[in-house]
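S.K.: Mind having a look at this structure? Questions to follow.
The values are calculated or read from the model by the stated rules, or taken from the named source; none is laboratory data. This is a predicted model, so every value here is computed, not measured. Cβ sites come from the backbone with ideal geometry, for glycine too, and all protein chains shown count toward neighbours.
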Amino acid sequence: MSEPSVAFVATDSKPAQDALASLRKRYGQVSPEDADIIVALGGDGYMLETLHTFLQLSKPVFGMHRGSVGFLMNDYEENDLPARLAKADSVQLNPLKMTTVDSDGNESKALAINEVSMLRESRQAAKLRVSVNGRCRMEELVCDGALVCTPAGSTAYNLSIHGPVLPLGANLLAVTPISAFRPRRWRGAIIPDNAIIKFEILDSDKRPVSAVADRAEVRHVTEVTVVEDRSMSITLLFDPEHNLEERILAEQFAP
């Protein structure tokens, strides 16, 4: 069986650029459009950037850690890369689709692989009304913000605000408040991944809110709707001994 053609891409840091030059010299290089597999060199932030950049190509992506945070990355090792790629486990992910309406009535759409988050823009707390599948579930959430995350994103921002870690394949999304003030004891919800989640920004003129889908931000939103986009599929590749499902499981037992 012939070796897969590989496109190497890297963030701007010196370790990543050095690795890029070495791997290209050793294994050659094709364009991402012509590649069987894209190998991304950097950290988790660069992995998300790579997934967004090449989303329309539907090519599997294998990350190697040459950055700071490397939860979505494999260990960096130059030797026997074709054999690693051939043995890699694949994980299929569907992004979230965020649809926003801003204070001028403009509608925007963006995709998120990790999470969609809403954050207050001023010194005053945000006030959000939360609905699921057209039914109001929380009339007023007073908070710094809230987010909706995928299982892959549940160990990122969501975990830092004490949201639940979701196993891959659980067919669930997490809705997590950010510094909830009222109701103070609400810690969020776990809902089916086919749900339609809608946030209405209450008193948005006085309490402005921005919405962020990974790297795309919309300011002064009045309404945010989040659904899983099942028309889009992302394939990540991981070494069998350290795959993403195992990392997510291990994170739940981390001290």
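S.K.: Could you tell me whether any residue of region 228-237 is of a type in the set (A, V, I, L, M, F, W, C), in contact (Cβ under 8 Å) with a residue 24 or more places away in the chain and out of contact with any Pro (no Cβ under 8 Å at 6 or more places or on another chain)?
M.R.: No: region 228-237 contains no residue that is of a type in the set (A, V, I, L, M, F, W, C), in contact (Cβ under 8 Å) with a residue 24 or more places away in the chain and out of contact with any Pro (no Cβ under 8 Å at 6 or more places or on another chain).
S.K.: Within region 205-255, which residues are under 16 Å from residue 108 (Cα atoms), surrounded by fewer than 17 Cβ atoms within 10 Å (Cβ to Cβ) and not small (Gly, Ala, Ser)?
M.R.: 215, 217, 219, 223, 229 - these are the residues of region 205-255 that are under 16 Å from residue 108 (Cα atoms), surrounded by fewer than 17 Cβ atoms within 10 Å (Cβ to Cβ) and not small (Gly, Ala, Ser).
S.K.: Which residue pairs have Cβ atoms closer than 9 Å, lie 6 or more positions apart in sequence or on different chains, and pair a first residue in region 191-209 that is at positive phi with a second residue that is assigned to a strand (DSSP E or B) and of a type outside the set (A, V, I, L, M)?
M.R.: These pairs meet every condition: 203/127.
S.K.: So the check is Cβ under 7 Å with 6+ separation or different chains; which pairs have a first residue in region 120-132 that's buried (at least 16 other Cβ atoms within 10 Å of the Cβ) and a second one that's among the hydrophobic types (A, V, I, L, M, F, W, C) and assigned to a loop (DSSP other than H, G, I, E, B)?
M.R.: 125/181; 127/202; 128/202; 129/202; 132/195
S.K.: Still on this structure, please answer the following. Can you say whether residue 70 is buried (at least 17 other Cβ atoms within 10 Å of the Cβ), touching a helix residue (DSSP H, G or I) at 6+ places or on another chain (Cβ under 6 Å) and under 24 Å from residue 111 (Cβ atoms), as far as the supplied structure shows?
M.R.: No.
S.K.: Follow-up question, since we're still on this one. Tally up the residues in region 198-229 that are closer than 20 Å to residue 147 by Cβ, assigned to a loop (DSSP other than H, G, I, E, B) and of a type in the set (D, E, K, R), please.
M.R.: 5
S.K.: Of everything in region 211-255, what is over 16 Å from the mean Cα position of the chain (by Cα), closer than 18 Å to residue 158 by Cβ and not aliphatic (A, V, I, L, M)? Give them in sequence order.
M.R.: 251, 252, 253
S.K.: Also, quick follow-up: Out of the residues in region 30-63 that are surrounded by fewer than 15 Cβ atoms within 10 Å (Cβ to Cβ) and touching a helix residue (DSSP H, G or I) at 6+ places or on another chain (Cβ under 9 Å), which is farthest from residue 81 (Cα to Cα)?
M.R.: Checked region 30-63; the qualifying residue farthest from residue 81 (Cα to Cα) is 33.
S.K.: Could you please find all residues in region 155-172 being touching a residue at least 60 places away in the same chain (Cβ under 8 Å) and closer than 16 Å to residue 92 by Cβ?
M.R.: Correct list: 166, 167, 168, 169.
S.K.: Please go through (1) at pLDDT below 95; (2) on the phi < 0 side of the Ramachandran plot; (3) more than 17 Å from the chain's Cα centre (by Cα) for residue 80 and return the number of the only condition it doesn't satisfy.
M.R.: Only one criterion is unmet by residue 80, namely (2).
S.K.: Hand me the list of strands (runs of 3 or more DSSP E) wholly inside region 1-80 holding 2 or more residues that are farther than 20 Å from residue 244 by Cβ and touching a residue at least 24 places away in the same chain (Cβ under 8 Å).
M.R.: Answer list for region 1-80: 6-10.
S.K.: Considering only region 167-197, state which residues are part of a loop (DSSP other than H, G, I, E, B) and in contact with a Gly (Cβ under 9 Å, 6 or more places away or on another chain).
M.R.: Answer for region 167-197, where residues must be part of a loop (DSSP other than H, G, I, E, B) and in contact with a Gly (Cβ under 9 Å, 6 or more places away or on another chain): 179, 180, 187, 188, 196.
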